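Computed from the coordinates by the stated procedures, all read-outs in this text should not be read as laboratory data. Values in this document were obtained by computation on a predicted structure and should not be read as measured data. Cβ placement follows ideal geometry from the backbone for every residue including glycine, while neighbour counts extend to all protein chains displayed.
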Amino acid sequence: MIRRRARKGRKTSKRRKSRLGMRRECDRLFANAVKDRDGWACRACGSHMRPQCAHIVSRRYHATRWDLLNAVCLCAGCHVRFTHDPIAWDDWCEERFPGRLEHLRLKARQGVAHIDYEAILAVLTGGKLL
């Protein structure tokens, strides 16, 4: 039997997702998990308008990027305000979550050798297959 190759741009059921595709899926599922946990309301002002997932320590650090302790739900306005005033952000985080910021910074500095996106997806989906 001759197997045909999938056309470029088309996915087959047996084809693995690209690492970028898996990272985006992890980010999407993580953001929804944070919003669900926080009731789709801003933790700073209580607004339900345009909720976003805000990371306490930058998501550039993969050791903490998908850690639920490293994110809160903020409305777009509060997210922009805190993005442009990082000192106020640090103060707000320390007031709301004493000690968490330092813990996350230490974890972020440790880093990770390899990112296992499939394991992260399994955790975020509760072990369900996508």
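Quick one: if you stick a label point 7 Å off each Cα along the C-beta vector at HIS62 and ASP38, how many nm between them?
2.5 nm
Between ASP90 and ARG28, what length in nm is gained on full extension when 0.36 nm per residue of separation is reduced by their alpha carbon distance? Don't skip to the answer; put the middle values down first.
Working: separation 62, 0.36 × 62 = 22.32 nm, distance 2.48 nm.
Difference between extended and current length: 19.8 nm.
For the range 35-43, in order, what is each residue's ³J(HN,Hα) by Karplus, 6.51 cos²θ - 1.76 cosθ + 1.60 with θ = phi - 60°, in whole Hz (x at glycine and Pro)?
Taking θ as phi minus 60°, the curve returns 5, 4, 4, 8, x, 6, 10, 5, 6 Hz for the range 35-43.
Mind running the shape call on the range 20-124? Use the C-alpha gyration tensor, a ≥ b ≥ c as the square roots of the eigenvalues: rounded below 1.5 for a/c, prolate if a/b tops b/c, oblate otherwise.
Values: a/c = 2.05, a/b = 1.27, b/c = 1.61.
Since a/c reaches 1.5 but b/c is at least a/b, the shape of the range 20-124 is classed as oblate.
Modelled label-to-label distance, ALA76 and HIS103, 7 Å Cα→beta-carbon offset: nm?
Each label point is offset 7 Å from its Cα along the Cβ direction, giving 3.3 nm.
Whose amide H sits under 5 Å from the amide H of ILE56, counting only residues 5 or more places off or on another chain, with H placed in the peptide plane?
Hits under the 5 Å cutoff: ALA71, VAL72.
Using mean Cβ contacts within 10 Å as the protection proxy, how do 109-117, 19-27 order, highest first? Working shown, then result.
Working: 109-117: 11.0, 19-27: 14.8.
Taking the mean over residues of other Cβ atoms within 10 Å, the ranking is 19-27, 109-117.
If you take every residue apart from GLY99 with its C-beta less than 15 Å away from the C-beta of GLY99, what net charge results, scoring Lys and Arg +1 and Asp and Glu -1? Mind showing how you got there, number by number?
On the way: positive: ARG96, ARG100, ARG105, LYS107; negative: ASP67, ASP90, ASP91, GLU94, GLU95, GLU102.
Charge balance near GLY99 sits at -2.
If you count, for each residue, the other Cβ atoms within 10 Å and average over each peptide, how do 62-73, 80-91, 36-47 line up from highest to lowest?
Details: 62-73: 19.8, 80-91: 12.8, 36-47: 14.5.
Per-residue Cβ counts within 10 Å, averaged per peptide and sorted highest first, yield 62-73, 36-47, 80-91.
Relative to a virtual label point 7 Å from the Cα of VAL123 in the Cα→beta-carbon direction, which members of the range 51-69 show backbone nitrogen distances below 20 Å?
Label zone hits: 53-69.
Could you work out how far apart the two model spin labels at THR83 and VAL112 are, taking each label as a point 7 Å from the Cα in the direction of the beta carbon, and quote it in nm?
Spacing of the two 7 Å Cα→Cβ label points: 2.3 nm.
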